[in-house]
Amino acid sequence: MSIINYASREIQFKIVYYGPDLCGKTTNLQYIHQRINPQNRGDLISLATASDRTLFFDFLPLNAVVIKGFVTKFQLYTVPGQVIYNATRQLVLRSVDGVIFVADSQWEKMEENVESFKNLGDNLAQQNISIDDVPLVLEYNKRDLPNIAPINYMEYVLNNRKKRLQSFEVISSTGQNVFAALNAVSQILLHKFSKQKDIPQGPPLPVAIPVEPPVAQTHFLKKSEAELTVVIDRGGNVISQSGDMSAMDVTVIAALAAGSFAATRELARRIGELEFNALYHQGNGSHMFMNSVDDDTIMNTVFGTCTNVGLVRFYSASAAQRIATILTTLRHSTHTVAFQPSAAPVFADR
Ligand SMILES: Nc1nc2c(ncn2[C@@H]2O[C@H](COP(=O)(O)OP(=O)(O)O)[C@@H](O)[C@H]2O)c(=O)[nH]1
Ligand SMILES: [Mg+2]
């Protein structure tokens, strides 16, 4: 679900690279990271194990100028492909705006491709998103390898549907069609976004943030003497922020914090809790406190030596309640941004 932030004049979209283990998702992000203008990207964050497999997710923030008067941020994520990590895939898919399904073209991977595609449909359905509605394109990757299935076979197996998806012959290790696929899904989601106001019963409208961070948030920061606080949705998007942001990349913190909060939720379930509604990470001089705001939102606070976790915890509870009320009101009001999507590619390969 896209987020419009009127304060920073940003619109955020989330694009997820989905597919079986080792199909080339991380390689796509690495290529984009290398080749896009550095001014238009942040760091590539990979939560990977030593054996080079994505354990959690990869994350690459990009920005583009496609909507007049707004910076458009595209958050690119990959999911871990291994079958056992379904909880992580569900977390990464939260509030997704577009999907690039990466299939491995090798014959012996066809069953894994099909299973992963079905898993994508199931996980989207859990969020009440139909696979037919989400902006989605297909990559047939590793076209340079000798033991690959012909394109018409891959189309038959993965793209045999009423409304065909756009598909691309990709070699992500050399970059062939990596940007083409990214641009295609970006165009589809921008068109969908531009029409959002016309949809009578479409997906929930984006949460739009007023010009200032909610008073409850700035008040909390002052009272608790914390350094900064960021309200994020559980998909990792920044909703509002308050405090000194100069020292850190809030976009990255939001993505990682949402992941961390969701991971510990699984821990909570193991001991019979629905979730831990607060988390505390203790450092040497700087600490982080996270608490739940509502079902879709968490608040992430960074604080130093001038305060303590007790105070932060104390004030965060009432702040969270007030912010939850504001968000409920905002979700029920209509906010859209009028624009005409252009046909020009959103991202350029240098
Ligand atoms: N030959 C070839 N190898 C590729 C291609 N894309 C990825 N790979 C390799 O496949 C392996 C798995 O890629 P990775 O991006 O880590 O897969 P992920 O598990 O989907 O993130 C790595 O060794 C990549 O170098 C491709 O287009 N051609
Ligand atoms: Mg990976």
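The values are calculated or read from the model by the stated rules, or taken from the named source; none is laboratory data. Computed from a prediction, not measured in an experiment: that's the story for all the values here. Here the Cβ positions follow ideal geometry from the backbone for every residue, glycine too, while neighbour counts run over all protein chains shown.
Can you pull out the residues in segment 265-279 that are part of a strand (DSSP E or B) and more than 17 Å from PHE220 (Cα to Cα)?
Selection gives LEU279 alone.
Residues in segment 11-18: is at least one in a strand (DSSP E or B) and within 12 Å of ligand 2 (Cβ to nearest atom)? Show your work before the answer.
Going residue by residue through segment 11-18, those that are in a strand (DSSP E or B) are 11-18.
Still in the list and also within 12 Å of ligand 2 (Cβ to nearest atom): 17-18.
Yes, the conditions are met somewhere in segment 11-18.
Is it true that some residue in segment 298-314 is of a type in the set (D, E, K, R), over 19 Å from PRO213 (Cα atoms) and outside any helix (DSSP H, G or I)? Break it down into steps so the answer makes sense when it comes.
Step one: list which residues in segment 298-314 are of a type in the set (D, E, K, R), which gives 313.
Now narrow it down to the ones that are over 19 Å from PRO213 (Cα atoms): 313.
Applying the additional criterion that residues be outside any helix (DSSP H, G or I) yields none.
No, the conditions are met nowhere in segment 298-314.
Which pairs do you get when a residue that is in the same structural domain as VAL293 (by TED's automatic domain parsing), found in segment 256-282, comes within reach of a residue that is at pLDDT below 85 and of a type in the set (Lys, Arg), reach meaning Cβ atoms under 6 angstrom, with the pair 6+ apart or on two chains?
From segment 256-282, the pairs are ALA258/ARG234; GLU275/ARG265.
Within segment 69-101, restricting attention to residues that are of a type in the set (A, V, I, L, M) and touching a Leu at 6+ places or on another chain (Cβ under 8 Å), which residue is nearest to ligand 2 (Cβ to nearest atom)?
Residue satisfying both the conditions and the ranking: VAL79.
Quickly run through segment 84-138 and pick out the residues that are of a type in the set (Lys, Arg) and in contact with a helix residue (DSSP H, G or I) (Cβ under 9 Å, 6 or more places away or on another chain). Steps first, please.
Start the filter on segment 84-138 by keeping residues that are of a type in the set (Lys, Arg), which leaves 89, 94, 109, 118.
Of everything in segment 84-138, those that are of a type in the set (Lys, Arg) and in contact with a helix residue (DSSP H, G or I) (Cβ under 9 Å, 6 or more places away or on another chain) turn out to be ARG89, ARG94.
For LYS118, all conditions in the list (1) surrounded by fewer than 17 Cβ atoms within 10 Å (Cβ to Cβ); (2) touching a Lys or Arg at 6+ places or on another chain (Cβ under 9 Å); (3) closer than 26 Å to ARG143 by Cβ hold save one; what is the number of the exception?
With respect to (1) surrounded by fewer than 17 Cβ atoms within 10 Å (Cβ to Cβ); (2) touching a Lys or Arg at 6+ places or on another chain (Cβ under 9 Å); (3) closer than 26 Å to ARG143 by Cβ, LYS118 is out only on (2).
Can you tell me how many residues in segment 141-194 are away from ligand 2 (no atom under 16 Å from the Cβ), part of a helix (DSSP H, G or I), out of contact with any Asp or Glu (no Cβ under 6 Å at 6 or more places or on another chain) and among the hydrophobic types (A, V, I, L, M, F, W, C)?
Restricting attention to segment 141-194, the residues satisfying the condition of being away from ligand 2 (no atom under 16 Å from the Cβ) are 143-169, 171, 174-177, 179-194.
When the remaining residues are screened for being part of a helix (DSSP H, G or I), the result is 151-158, 179-194.
If we keep only those that are out of contact with any Asp or Glu (no Cβ under 6 Å at 6 or more places or on another chain) as well, we get 151-158, 180, 182-188, 190-194.
Among the residues that remain, those that are also among the hydrophobic types (A, V, I, L, M, F, W, C) are: 151, 154, 157-158, 180, 182, 184-185, 188, 190, 193.
The total comes to 11.
Which one of these is more than 16 Å from ligand 1 (Cβ to nearest atom) and either surrounded by fewer than 19 Cβ atoms within 10 Å (Cβ to Cβ) or over 25 Å from LEU60 (Cβ atoms) (or both): ALA87, ALA149?
The conditions single out ALA87.
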